[in-house]
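Novice: I have a structure here, written as structure tokens, and I will follow up with some questions on it.
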Amino acid sequence: MNKAGWAIVLAVFLAGCVPAVRMRGSPEDLAAQRARERQLAGVERWQVRGRLGVYDARGGGSGDFSWRQDGTHYEFTLHGPSLSGVDLRLRGDEHGALLEGDKRGPLRGRDAEALMQQALGWVVPLDELRAWLFGLRAPGGGPAELEFGADHLPARLRQDGWTVDYRAWDTDRQPPLPRKLFAEKPPYKVRLAIDAFELDAAPTSTTAGR
């Protein structure tokens with residue numbers, strides 16, 4: 001998957017300070033990744049739609065999802081009876097989050113991931129996925145390691161105990177964006193199949209996480 005003979009450790013900055021990353025690949029791999037990072041650094045509004053699967057040692061389930069991001073404001077919806085038995089909508093910003101659709105009523109808190117785990121019973125690493133969806137390391141996480149495929153695109157990312165395998169890329173667009181990724185941190189597994197990825201999407205509605 002990666003090309004032997006190259007192991008380069010360097011610090012790369014997107015929008016502020018991010019952790020160092022070890023990139024295993026050829027000079028072409030590294031140049032392509034740096035170019036992708038520069039192109040994606042200024043993207044503040046985007047929307048993605050697809051299929052989400054979450055699993056652990058007890059089992060799991062899947063459903064359709066959409067995620068709209070506008071700066072720090074976000075709205076995440078999950079249509080997955082096999083996951084939660086109901087449709088869920090999570091929205092918020094840096095001040096807090098509101099989860100609607102849970103049978104116990106609306107859930108509020110500062111930690112969106114904790115609300116999702118409370119509702120679903122599974123870990124969904126939303127903060128990290130926000131970066132991994134682009135094939136980038138999470139800026140708030142620890143040191144990361146990237147390995148590249150023959151197409152000069154990330155094939156595997158390791159960060160914060162998670163291993164993210166990129167199974168397919170949309171290379172018809174520039175910069176290329178992932179179409180399928182599998183993330184695993186035993187006993188948790190997250191599977192994403194992306195149907196549509198829109199950059200500079202329309203702004204989100206006003207959040208109610210405060």
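The values are calculated or read from the model by the stated rules, or taken from the named source; none is laboratory data. Predicted, not measured: the structure shown is a model, and the values here were computed from it. Virtual Cβ from ideal backbone geometry, glycine too; neighbours counted across all protein chains shown.
Novice: Please work out if ALA196 is loosely packed, with under 15 Cβ neighbours inside 10 Å and either of a type outside the set (D, E, K, R) or at pLDDT 95 or above (or both).
Specialist: Here the answer is yes, as ALA196 does meet what is asked.
Novice: Going by the structure shown, is ALA168 farther than 30 Å from LEU98 by Cβ and either at pLDDT 90 or above or among the aromatic types (Phe, Trp, Tyr) (or both)?
Specialist: For ALA168, the condition - farther than 30 Å from LEU98 by Cβ and either at pLDDT 90 or above or among the aromatic types (Phe, Trp, Tyr) (or both) - is met.
Novice: What do you reckon, is LEU88 crowded, with 17+ Cβ neighbours inside 10 Å, within 21 Å of ALA183 (Cβ to Cβ), in contact with a Phe, Trp or Tyr (Cβ under 6 Å, 6 or more places away or on another chain) and not β-branched (Val, Ile, Thr)?
Specialist: no
Novice: Show the residue pairs that are 6+ apart or on different chains and have beta-carbon atoms under 9 Å apart, the first residue being within segment 21-38 and farther than 19 Å from GLY141 by Cβ and among the acidic types (Asp, Glu), the second being outside any strand (DSSP E or B) and modelled with pLDDT under 90.
Specialist: Sorted first by the residue in segment 21-38, then by its partner, the pairs are ASP29/ASN2; ASP29/LYS3; ASP29/TRP6.
Novice: Any residue at all in segment 19-27 that is of a type in the set (S, T, N, Q), surrounded by 13 or more Cβ atoms within 10 Å (Cβ to Cβ), modelled with pLDDT under 90 and outside any strand (DSSP E or B)? If you could, list the steps in order and put the result at the bottom.
Specialist: To start, the set of residues in segment 19-27 that are of a type in the set (S, T, N, Q) comprises 26.
With the extra rule that they be surrounded by 13 or more Cβ atoms within 10 Å (Cβ to Cβ), the set shrinks to 26.
In the following step, the residues that additionally are modelled with pLDDT under 90 were identified as 26.
Cutting the leftovers down to outside any strand (DSSP E or B) gives us 26.
Yes, there is a match, as at least one residue in segment 19-27 is of a type in the set (S, T, N, Q), surrounded by 13 or more Cβ atoms within 10 Å (Cβ to Cβ), modelled with pLDDT under 90 and outside any strand (DSSP E or B).
Novice: To continue, here is another question. If you take the residues in segment 121-137 that are part of a helix (DSSP H, G or I) and not charged (D, E, K, R), which one is nearest to GLU75 (Cα to Cα)?
Specialist: That would be LEU126.
Novice: Related question: Quick check on segment 164-195: of everything there that is more than 22 Å from ALA35 (Cα to Cα) and either outside any strand (DSSP E or B) or small (Gly, Ala, Ser) (or both), which residue is nearest to the chain's Cα centre (by Cα)? Break it down stepwise before answering.
Specialist: Filtering segment 164-195 for residues more than 22 Å from ALA35 (Cα to Cα) gives 182-195.
Still in the running and either outside any strand (DSSP E or B) or small (Gly, Ala, Ser) (or both): 183, 186-187, 193.
On the way: ALA183: 9, PRO186: 18, PRO187: 18, ALA193: 12 Å.
Checking each candidate, the answer is ALA183.
Novice: Within segment 92-135, which residues are over 16 Å from the mean Cα position of the chain (by Cα) and among the basic types (Lys, Arg)?
Specialist: LYS103, ARG104, ARG108, ARG110
Novice: Given the conditions (1) among the basic types (Lys, Arg); (2) closer than 18 Å to ALA183 by Cβ; (3) surrounded by fewer than 19 Cβ atoms within 10 Å (Cβ to Cβ), and given that ARG137 satisfies all but one, which numbered condition is not satisfied?
Specialist: Condition (3) is where ARG137 drops out.
Novice: Say whether the condition of being modelled with pLDDT under 85 and either surrounded by 14 or more Cβ atoms within 10 Å (Cβ to Cβ) or in contact with a strand residue (DSSP E or B) (Cβ under 8 Å, 6 or more places away or on another chain) (or both) is met by at least one residue in segment 61-72.
Specialist: yes
Novice: Can you pull out the residues in segment 122-134 that are more than 12 Å from ALA183 (Cα to Cα) and not basic (Lys, Arg)?
Specialist: TRP122, ASP127, ALA131, PHE134
Novice: Within segment 143-164, does at least one residue satisfy the condition of being in contact with an Asp or Glu (Cβ under 8 Å, 6 or more places away or on another chain), closer than 22 Å to GLU75 by Cβ and in contact (Cβ under 8 Å) with a residue 60 or more places away in the chain?
Specialist: no
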